[in-house]
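Trainee: One structure follows; several queries about it will come next.
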Amino acid sequence: MLKRLFAPAFVSIFIISHPSFAADDWKIIKVNGRDYLTVDNISKFYGLPAEVAPSGAQIKLETVKDPLEFIRDSREVIINGARSWLCFPLLEHDGKFLVSRTDVAKTIEPLVRPHRVANVGQIRTVVLDPGHGGHDKGAVCRYGSEKNFALDVARQLRPLLHAKGLRVIMTREGDYFVPLEVRARIANAARDSIFVSIHFNATDRDPSATGFEIFSFTPRGAPSTSDNWVTSSSASVQAGSRVDAQSMALSACIYHSLLGHIPEFDRGIKRARFAVLRLTEVPAVLVEGGFLTERGESRLIAEKDWRGRLAQAISVGIENYRALAVKKQPPMLVADYRRQGKSVLGVPIEPVVQEVDSSLADLIGESAFPLPTPASTPPRAPSLESDVIVP
């Protein structure tokens, strides 16, 4: 959660950015050719306490004390009470803990301040993408298949979004197969749209694996969450997304709503180069709504009412994303949803923002953020892929 001062009636006051922070306060440190910023610098900029746990630590969300919790030598981080994954591991160098400059711009900034992302929340249409279909069953359990569960969630989600005044397009309406590139094409053809792909998980390595996770497209030059970052394949030369920051903001809004409404294990906000994310030119996320390979969780997923709760949580997250463009203030977080659910008086939690207008790009300098474009890649028009964070 962001730094809060609690007032009566469950009102959360967010204070973001340290008022005395100046450009000269940033100390960029180079390690093995990569630029890093210290955890202290980041903490001071956002005005948020930060903590670093020892290597191999398992942070339980019930014990999270600070808005930013890192693990030494790990890519795992807790931001505002939800697990996320950095592109590059936290390093210790000369007695200081360092975060890659790419992660400050591409991970921390859009998750801590999604309301500051340019053009965020400006949507009229939601493209719902029920995963798989037809001959492609997806994951299968004793109660049914992923393709049918995903379609049912989308069907239950559609009227909830209609009730919010949003247009909804489904990439498939029934049990038939739609190629991945066609799904992306449908989203790209819709004006002022976002793309939400709905899936359920499976694994053949850990039958006890459970929980939610959400993906957006991996930034240019960075490894995906599942990659071993030290391998040559990690430094992918694939082009990034022009709407990377918006996709991360959408991930945050939906994911906090999921965890806040449904008590599932938090697997985190992650990055991947799935085709539907790579080919989609609008803000896009892929939701994994639990594991069909775990007996108890598969039983829940097979219940229509439980899938209805999942649809409701996604709809609230989408509404929070759309509200970013109107309210220009942080969306609700996991703790807000859970506190609201426990409120005897039923008083809604509305965050009140008291914010110092400090732009990361202004303070560090825009040249600090761009990643080099491979020589074989033709020049591109300026976009959010430059990592410039708009104040």
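The values are calculated or read from the model by the stated rules, or taken from the named source; none is laboratory data. These figures come from a predicted structure and were not determined experimentally. Cβ placement follows ideal geometry from the backbone for every residue including glycine, while neighbour counts extend to all protein chains displayed.
Trainee: So in segment 166-214, with the set limited to residues that are crowded, with 16+ Cβ neighbours inside 10 Å, in a loop (DSSP other than H, G, I, E, B) and of a type in the set (Ser, Thr, Tyr), which one is farthest from the chain's Cα centre (by Cα)?
Mentor: 171
Trainee: Scan segment 143-162 and tell me whether some residue there is in contact with a helix residue (DSSP H, G or I) (Cβ under 6 Å, 6 or more places away or on another chain), under 30 Å from residue 333 (Cβ atoms), in the same structural domain as residue 249 (by TED's automatic domain parsing) and part of a strand (DSSP E or B).
Mentor: The answer is no; no qualifying residue exists.
Trainee: Being touching a strand residue (DSSP E or B) at 6+ places or on another chain (Cβ under 9 Å) and of a type outside the set (A, V, I, L, M) is the filter here; which residues of segment 176-198 pass it?
Mentor: Answer for segment 176-198, where residues must be touching a strand residue (DSSP E or B) at 6+ places or on another chain (Cβ under 9 Å) and of a type outside the set (A, V, I, L, M): 176, 177, 183, 188, 191, 192, 193, 195, 197.
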